[in-house]
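Visitor: Structure in structure tokens, see below.
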Amino acid sequence: MNGYQLFYRTFGTGDNILLCLHGGPGATHQYLLSLGKLGDDKVKVVLFDQLGVGRSEKPKDLSLLTIEQGAEDVEGFRKAMNLGKVYLFGSSYGGALALQYALKYQQNIKKMIIAGGLASFPETIAEMNRLKAFLPKDVQDTMAKYEERWAFTHPEYLKAVDVFYRNFLCRLPKWPEEVTNAMNDMSTPVYWVMNGPNEFTIIGNLKDWDITARLPEIKVPTLVTVGRYDEVTPKVAETIHKGIKGSSLRVFENSAHMSMWDEEEAYLKAVRDFISQ
């Protein structure tokens, strides 16, 4: 792909290609492995690690780590794999990437699913910071204390962030191995360059990215999904839904950011139905 080696996995043998874009930026494809269950004789699910992430090649040139280049990488991968027109699935940052891709290459998309995705980083950051107010007071104080010192790796700070994650990332009492692995294998260089030190301190090259005004340009049938307790909140999903004419919005009432795990059965059914209808 564009001169780089990317690691990928496929599930199923069908002619309907579901190409899945993971988030982070810098998380691996692993947390999307539940989507592999959609693979059968009608649907082929394709997951890959984006450039610089997981088992894909790590570029020395970090200036390649932008969402605009990411969209070109998706197109390069689609062509190299000879996938034809795809059903495009984007989760979290991968949802933003799917939207960026659609602005240039929507002729290559049959339908699109945006899962806890975003069209504006400024809007999303404001919403995430608003969610902090729902955490216990001592957790909020701990976060504020260490963020002020830029001590983002302090054990007490990480413990506080974990409380946020268990409310707004994945609500299952025991996280699936695939989610834990994706978090542990997060590419720090990719995350820092594009995002910043953590979810609440966005100083990377994505901090001002906002394509809200361009959403009406996207004409492909789109399903927007979001968890009621999603760190990328229903308000953010609503922005995408309003922007893409004729799109559908589905809120999963018992889910955080990872509806594909929090309500796995219902989630997979929703995606399956959307592809086949």
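The values are calculated or read from the model by the stated rules, or taken from the named source; none is laboratory data. Quick caveat, the model's predicted, so the values are computed rather than measured. Positions of Cβ are generated from backbone atoms using ideal geometry, with glycine treated the same way; all protein chains shown enter the neighbour counts.
Visitor: Regarding segment 7-15, can at least one residue be identified that is over 25 Å from Leu169 (Cα atoms), modelled with pLDDT under 95, crowded, with 16+ Cβ neighbours inside 10 Å and over 18 Å from the mean Cα position of the chain (by Cα)?
Guide: no
Visitor: Report whether or not Ala133 is assigned to a helix (DSSP H, G or I) and aliphatic (A, V, I, L, M).
Guide: When the stated conditions are applied, Ala133 passes them.
Visitor: Looking at Gly24, Gly76, can you tell me which residue is more than 18 Å from Glu264 (Cβ to Cβ), surrounded by 15 or more Cβ atoms within 10 Å (Cβ to Cβ), small (Gly, Ala, Ser) and more than 14 Å from the chain's Cα centre (by Cα)?
Guide: On the way: Gly24 fails: more than 14 Å from the chain's Cα centre (by Cα).
Checking each option against the conditions leaves just Gly76.
Visitor: What are the pairs with Cβ atoms under 6 angstrom where one residue, in segment 232-246, is in contact (Cβ under 8 Å) with a residue 24 or more places away in the chain and closer than 16 Å to Met258 by Cα and the other, located anywhere, is assigned to a helix (DSSP H, G or I) and among the β-branched types (Val, Ile, Thr)? Sequence gap at least six, or different chains.
Guide: Val232/Thr124; Val236/Thr124
Visitor: Any idea how many residues of segment 108-142 are touching an Asp or Glu at 6+ places or on another chain (Cβ under 7 Å), among the β-branched types (Val, Ile, Thr) and within 19 Å of Pro25 (Cβ to Cβ)?
Guide: Qualifying residue count, segment 108-142: 0.
Visitor: Take Val193 and tell me if it is in a helix (DSSP H, G or I), of a type in the set (A, V, I, L, M) and touching a Leu at 6+ places or on another chain (Cβ under 7 Å).
Guide: Working: in a helix (DSSP H, G or I): yes; of a type in the set (A, V, I, L, M): yes; touching a Leu at 6+ places or on another chain (Cβ under 7 Å): yes.
Spelling it out, Val193 is indeed in a helix (DSSP H, G or I), of a type in the set (A, V, I, L, M) and touching a Leu at 6+ places or on another chain (Cβ under 7 Å).
Visitor: Please determine, by comparing only the residues of segment 97-119 that are over 27 Å from Tyr229 (Cα atoms) and of a type in the set (S, T, N, Q), which one is surrounded by the fewest Cβ atoms within 10 Å (Cβ to Cβ).
Guide: In this case the residue turns out to be Gln107.
Visitor: Hey, among the residues in segment 33-58 that are among the hydrophobic types (A, V, I, L, M, F, W, C) and out of contact with any Gly (no Cβ under 8 Å at 6 or more places or on another chain), which one's surrounded by the fewest Cβ atoms within 10 Å (Cβ to Cβ)?
Guide: Within segment 33-58, the first condition is being among the hydrophobic types (A, V, I, L, M, F, W, C), and the residues that meet it are 33, 35, 38, 43, 45-48, 51, 53.
Next cut, out of contact with any Gly (no Cβ under 8 Å at 6 or more places or on another chain) only: 33, 35, 46, 48.
On the way: Leu33: 22, Leu35: 25, Val46: 24, Phe48: 25.
So, considering only residues that are among the hydrophobic types (A, V, I, L, M, F, W, C) and out of contact with any Gly (no Cβ under 8 Å at 6 or more places or on another chain), the one surrounded by the fewest Cβ atoms within 10 Å (Cβ to Cβ) is Leu33.
Every residue, every condition in (1) among the small types (Gly, Ala, Ser); (2) closer than 19 Å to Met186 by Cβ, yes or no:
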{"residue": "Thr10", "(1), (2)": "no, no"}
{"residue": "His22", "(1), (2)": "no, yes"}
{"residue": "Glu57", "(1), (2)": "no, yes"}
{"residue": "Thr66", "(1), (2)": "no, yes"}
{"residue": "Glu72", "(1), (2)": "no, no"}
{"residue": "Gly117", "(1), (2)": "yes, yes"}
{"residue": "Glu123", "(1), (2)": "no, no"}
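Visitor: Does segment 212-238 hold any residues that are surrounded by fewer than 20 Cβ atoms within 10 Å (Cβ to Cβ) and closer than 16 Å to Leu118 by Cβ, and which are they? Give the steps one after another, and end with the answer.
Guide: We begin by selecting, within segment 212-238, every residue surrounded by fewer than 20 Cβ atoms within 10 Å (Cβ to Cβ); these are 212-214, 216-217, 219-221, 228, 234-235, 238.
Residues satisfying the conditions are Thr212, Ala213, Arg214, Pro234, Lys235, Glu238.
Visitor: From the residues in segment 54-77 that are among the polar types (S, T, N, Q) and assigned to a helix (DSSP H, G or I), which one is nearest to Phe7 (Cα to Cα)?
Guide: If we filter segment 54-77 for residues that are among the polar types (S, T, N, Q), which is where we start, we get 56, 63, 66, 69.
Going one step further and asking which of them are assigned to a helix (DSSP H, G or I), we end up with 63, 69.
Values: Ser63: 21, Gln69: 18 Å.
Checked segment 54-77; the qualifying residue nearest to Phe7 (Cα to Cα) is Gln69.
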